[in-house]
Amino acid sequence: MKVLKGILRFILVVIAVVLVFAIVIVCSYVLGSPDTQLGSETRKVVSGPWTEYANDDPNAELYVFDLNQQGEFKIVKGEKQIADGWFKIDEKSRKIKMLMLPDHYTEEYAKFVKFKVLSEMSYSNLEFQLKDAEFGKNPSIIKDKEPTISFLMSAADGSSADSLVLKCKMYEYTLDLYASEHDLTKER
């Protein structure tokens with residue numbers, strides 16, 4: 001009887017530790033919001049939707065990545081949404097870590113998902129220039145100099161055959177300055 005109680009107690013402790021760990025991971029994604037400080041890479045990445053532009057196949061469905069200021073992301077291929085959830089950006093390693101509910105991604109996106117809910121993609125070659133980007137003015141994208149970025153979506157099993165490199169441009173600047181570090185009403 002004492003052995004059974006000991007085993008049951010051990011199992012309950014393991015379940016409690018796993019539950020706390022899961023809650024911490026979920027809350028760090030869901031309750032966190034991206035850094036919107038001026039000049040940070042995160043602010044540049046969440047400034048608007050990124051659309052794939054360098055695809056060799058003219059009939060291919062293009063990817064669109066929308067990472068918003070509330071920490072939510074959406075990935076669309078052609079007209080079909082293939083994944084959505086929450087994200088956080090690690091500027092030091094230049095990675096975007098994503099958390100999704102199990103039924104919030106398609107079979108096509110499943111090859112990039114680890115542990116049924118986590119995904120990760122790297123970014124590089126971030127070129128970002130706006131006109132009238134001074135504080136207090138409405139920044140806009142310079143035609144023919146749209147911000148660019150490269151995303152690397154690695155397969156969960158580590159195979160390079162399933163990895164995907166996407167070169168994207170931002171054609172529309174959507175960052176809400178009122179959600180930034182500055183209170184524009186105090187600057188008048």
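The values are calculated or read from the model by the stated rules, or taken from the named source; none is laboratory data. All values reported here derive from a predicted model rather than from experimental measurement. In this analysis, Cβ positions are derived from the backbone assuming ideal geometry, glycine residues included, and neighbour counts consider all displayed protein chains.
Do we find a residue being buried (at least 19 other Cβ atoms within 10 Å of the Cβ), assigned to a loop (DSSP other than H, G, I, E, B) and at pLDDT 85 or above anywhere in the range 109-120? No, the conditions are met nowhere in the range 109-120. Listed conditions (1) aromatic (Phe, Trp, Tyr); (2) modelled with pLDDT of 90 or more; (3) over 18 Å from Asp35 (Cα atoms) are all met by Trp86, apart from (3). Residues that are touching a Phe, Trp or Tyr at 6+ places or on another chain (Cβ under 8 Å), modelled with pLDDT of 90 or more, assigned to a strand (DSSP E or B) and surrounded by 12 or more Cβ atoms within 10 Å (Cβ to Cβ) do occur in the range 123-141. Condition check for Thr51 on (1) within 24 Å of Val24 (Cβ to Cβ); (2) in a strand (DSSP E or B): one failure, at (1). Among residues that are surrounded by 17 or more Cβ atoms within 10 Å (Cβ to Cβ) and in contact (Cβ under 8 Å) with a residue 60 or more places away in the chain, Leu99 is included.
Only one residue in Thr174, Thr185 is modelled with pLDDT of 75 or more and among the hydroxyl-bearing types (Ser, Thr, Tyr), so which one is that? Among Thr174, Thr185, only Thr174 is modelled with pLDDT of 75 or more and among the hydroxyl-bearing types (Ser, Thr, Tyr).
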